[in-house]
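Q: Quick one: the structure is below, questions incoming.
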Amino acid sequence: MTTSATRTFTFATTHHAMWAEDVAQERAIPAEVVPAPPGAVAKCGMALRTTEDRAPELAEALDQEGIQYRSVVEG
């Protein structure tokens, strides 16, 4: 991912993080698994990062699947 503005989604469990990655892949939303950002309120050390322009699409997909998350906008 080479764009400057990204959004990172954090999760309460590793299961949710992996499930979110599957959902992104199934819907062709570019996303990568990354470590949870320092200071993020996350119980899981894994996070999912996507471009800011695709973040609303990913958030909607996660909501539809019932995956709980928090998101953080990054530089």
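The values are calculated or read from the model by the stated rules, or taken from the named source; none is laboratory data. A quick note: this is a predicted structure, and the numbers were derived from the prediction, not measured. Every residue, glycine among them, receives a Cβ derived from its backbone with ideal geometry; neighbour counts consider all protein chains shown.
Q: Is there a residue being of a type outside the set (K, R), touching a helix residue (DSSP H, G or I) at 6+ places or on another chain (Cβ under 7 Å), modelled with pLDDT under 95 and surrounded by fewer than 16 Cβ atoms within 10 Å (Cβ to Cβ) anywhere in the range 34-50?
A: No, the range 34-50 contains no residue that is of a type outside the set (K, R), touching a helix residue (DSSP H, G or I) at 6+ places or on another chain (Cβ under 7 Å), modelled with pLDDT under 95 and surrounded by fewer than 16 Cβ atoms within 10 Å (Cβ to Cβ).
Q: Can you tell me how many residues within the range 1-56 are of a type in the set (D, E), outside any strand (DSSP E or B) and farther than 13 Å from S71 by Cα? Working first, answer last.
A: From the range 1-56, those of a type in the set (D, E) are 21-22, 26, 32, 52-53; that's our starting set.
The next check asks that each one be outside any strand (DSSP E or B); those that pass are 21-22, 26, 52-53.
Filter again for farther than 13 Å from S71 by Cα, leaving 21-22, 26, 53.
The number of residues fulfilling the criteria is 4.
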